[in-house]
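Below is one structure. I have some questions about it.
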Amino acid sequence: MEQLDNRKTCALQRIQELYRLGDNQYLEAAELVEKESTIKARSKSPTPEQVDRYGNFRNDMGLVNVGFYKVTKDLSLQKESNTFHLGKKLIGRDDLSKYIKDSIFSPMTREPEKDERLLSERELSRIEKWKQMCTIHFESGNQLHSFRVTRKLIQRTMKGIPDCWRSIAWWSFLMDKCPDSDLVNHYYELCDKICEYDVQIDLDVPRTAATHFMFRKRYNGGQRLLFRVLHSVALYLPQVGYVQGMASIAATLLIYYPEEIAFIMMVNMLQRRGMGDLFSCGFEVLLKAFDDLKNELQYLPSGKHLSNIGAEPSAFATRWYLTIFHQCVPFHTQLRIWDLLFLLGGNEGQTIRLLQASSLAIIRGMWDTLMDADFEIVMQALSGIIPIQNDDAYLARIQHYWQKMPSEIALKK
């Protein structure tokens, strides 16, 4: 028994050594483990044409099957009134509600280059508006950006945060204070400790966010940072430990933040946004969320069809919930969901409600693809990267279900 423990300790120490090496050392050490794939990854340098604005390789995004999904307007969804109440706040929604009948798979135009140009123009016009909403103040000698939660802020977040403001806005929505220096120091202390989850983390790291240029090199760059963050989170929150979907959350944060800030963000997402309960032992909260989603789907024609053919939410929505839609929808769509999560997901109940609304919006948006499909086709449609092209139409549906779930709408009829 003692010999087995010693072997396990040696294996964990070896994994830590591989992720701790400098850039010039890692190739020699990794050669015995994964020589061919490491050298292949190192030799490939992406060109600007191969990588999109977020750093993902265009050809690796799995969106080649767009023609599989039908593009039909959903005339059964009605445009809502111009405002609704979110708690005590009156929120305007006329900007997004005009897209609610559009297909989530319909591009803005039939020309991809023109679509990108239009999106860039819209984002440039919003950058100045976000600058005007931002308040800068100093805390302990550090500059801090804050946003006052108003009707205008929620409305503009629904329309998408400009990417250059995204890291600032997410931090403000979740933390709104300077990073805790003690927690930063504790993070680096945790990096040097041994964690029982390191073997599983090491297996998951190379297959997480593999489409992004940061995470292409084994034991190096983004993969090293991803391992360190997951390793430290598992030690800092032993009641949560490590579950596979956590790697996707950490990878998304590392695209926007340094490793120690990504660690702090992830810890607070797990503790203050209720995500930790989804990963808890036994997955009781997650299974309860699936039961609630199944109940809500009974009020949608496409949801009833899923139930009739035996397509349970646990079969297709587990990745959606545990990764917060990472590599389940295009990256630009995932970011729009995360914008809302940081602003509106104040606790476990609100986070799950947002995940429910996002799931219902997908299934409602795919009604014409799902209605006549058998189990195999349904699972094929829901299990890969769903190639949403019209984020505004998708967000209009999320907004619709965030305000009133289908069961709540049925009660008022």
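The values are calculated or read from the model by the stated rules, or taken from the named source; none is laboratory data. It should be emphasised that the depicted structure is a prediction, and the values quoted were computed from it without experimental measurement. Every residue, glycine among them, receives a Cβ derived from its backbone with ideal geometry; neighbour counts consider all protein chains shown. We work out accessible area using only protein heavy atoms, side chains counted, and drop any ligands, DNA or RNA first. Shrake-Rupley method; radii C 1.70, N 1.55, O 1.52, S 1.80 Å.
Say we look at the stretch 227-242 and pick out the residues that are among the β-branched types (Val, Ile, Thr) and surrounded by 21 or more Cβ atoms within 10 Å (Cβ to Cβ); which of these is nearest to residue 215 (Cα to Cα)?
229
What number of residues in the stretch 94-115 are over 27 Å from residue 151 (Cβ atoms) and either at pLDDT 70 or above or open to solvent by less than 70 Å² (accessible area, probe 1.4 Å) (or both)?
Within the stretch 94-115, residues that are over 27 Å from residue 151 (Cβ atoms) and either at pLDDT 70 or above or open to solvent by less than 70 Å² (accessible area, probe 1.4 Å) (or both) number 6.
Assuming residue 165 fulfils every condition listed in (1) at pLDDT 60 or above; (2) more than 21 Å from residue 343 (Cβ to Cβ) apart from one, which condition is it?
Unmet for residue 165, out of (1) at pLDDT 60 or above; (2) more than 21 Å from residue 343 (Cβ to Cβ): (2).
Same structure again: Could you list all residues from the stretch 227-259 that are free of Cβ contacts under 8 Å to residues at least 60 places away in the same chain and small (Gly, Ala, Ser)?
Those that are free of Cβ contacts under 8 Å to residues at least 60 places away in the same chain and small (Gly, Ala, Ser): 232, 234, 241, 247, 250.
For a quick check of your reading of the model, give me the residue pairs whose first member lies in the stretch 260-281 and is open to solvent by 10 Å² or more (accessible area, probe 1.4 Å), whose second is at pLDDT 90 or above and not aliphatic (A, V, I, L, M), with beta-carbon atoms closer than 6 Å and at least 6 apart or on different chains.
Here the result reads 260/187; 273/351, each pair linking the stretch 260-281 to a residue that is at pLDDT 90 or above and not aliphatic (A, V, I, L, M).
Something else about it: For residues that are part of a helix (DSSP H, G or I) and surrounded by fewer than 19 Cβ atoms within 10 Å (Cβ to Cβ), tally how many sit in the stretch 348-372. First the steps, then the outcome.
Restricting attention to the stretch 348-372, the residues satisfying the condition of being part of a helix (DSSP H, G or I) are 348-365, 367-370.
In the following step, the residues that additionally are surrounded by fewer than 19 Cβ atoms within 10 Å (Cβ to Cβ) were identified as 348-350, 353, 368.
Residues flagged as part of a helix (DSSP H, G or I) and surrounded by fewer than 19 Cβ atoms within 10 Å (Cβ to Cβ) within the stretch 348-372 amount to 5.
Here is a further query. Answer with yes or no whether residue 293 is over 23 Å from residue 380 (Cα atoms), out of contact with any Phe, Trp or Tyr (no Cβ under 8 Å at 6 or more places or on another chain), open to solvent by less than 10 Å² (accessible area, probe 1.4 Å) and part of a helix (DSSP H, G or I). Before you say what the answer is, go through the steps one by one.
Working: over 23 Å from residue 380 (Cα atoms): no; out of contact with any Phe, Trp or Tyr (no Cβ under 8 Å at 6 or more places or on another chain): yes; open to solvent by less than 10 Å² (accessible area, probe 1.4 Å): yes; part of a helix (DSSP H, G or I): yes.
No; evaluated as a whole, the condition is false for this residue.
Just one of 124, 119, 144 is at pLDDT below 90, closer than 18 Å to residue 256 by Cα and either more than 25 Å from the chain's Cα centre (by Cα) or not in a loop (DSSP other than H, G, I, E, B) (or both); which is it?
When all the criteria are applied, what remains is 144.
Can you name the residue in the stretch 296-316 that is surrounded by 19 or more Cβ atoms within 10 Å (Cβ to Cβ), within 18 Å of residue 384 (Cβ to Cβ) and touching a residue at least 60 places away in the same chain (Cβ under 8 Å) and is also nearest to the chain's Cα centre (by Cα) among such residues?
My answer is 316.
Could you tell me how many of the residues in the stretch 377-386 are part of a helix (DSSP H, G or I) and either open to solvent by less than 10 Å² (accessible area, probe 1.4 Å) or more than 15 Å from residue 302 (Cα to Cα) (or both)?
The number of residues fulfilling the criteria is 5.
Would you tally the residues in the stretch 365-408 being acidic (Asp, Glu), under 21 Å from residue 309 (Cα atoms) and free of Cβ contacts under 8 Å to residues at least 40 places away in the same chain?
Residues meeting the conditions: 2.
Output the residues belonging to the stretch 160-218 that are part of a helix (DSSP H, G or I), open to solvent by 40 Å² or more (accessible area, probe 1.4 Å) and either more than 30 Å from residue 394 (Cα to Cα) or of a type in the set (D, E, K, R) (or both).
181, 182, 185, 186, 188, 189, 199, 200, 203, 206, 207
Evaluate the following for residue 286: is it under 19 Å from residue 350 (Cα atoms), in contact with an Asp or Glu (Cβ under 9 Å, 6 or more places away or on another chain) and modelled with pLDDT of 90 or more? Spell out how you get there, then give the answer.
Working: under 19 Å from residue 350 (Cα atoms): yes; in contact with an Asp or Glu (Cβ under 9 Å, 6 or more places away or on another chain): yes; modelled with pLDDT of 90 or more: yes.
The answer is yes for residue 286.
Moving to a separate point now. I'd like the residue in the stretch 319-347 that is open to solvent by 10 Å² or more (accessible area, probe 1.4 Å) and of a type in the set (D, E, K, R) and, out of all such residues, is nearest to residue 304 (Cα to Cα).
Once the filter is applied, the top-ranked residue is 319.
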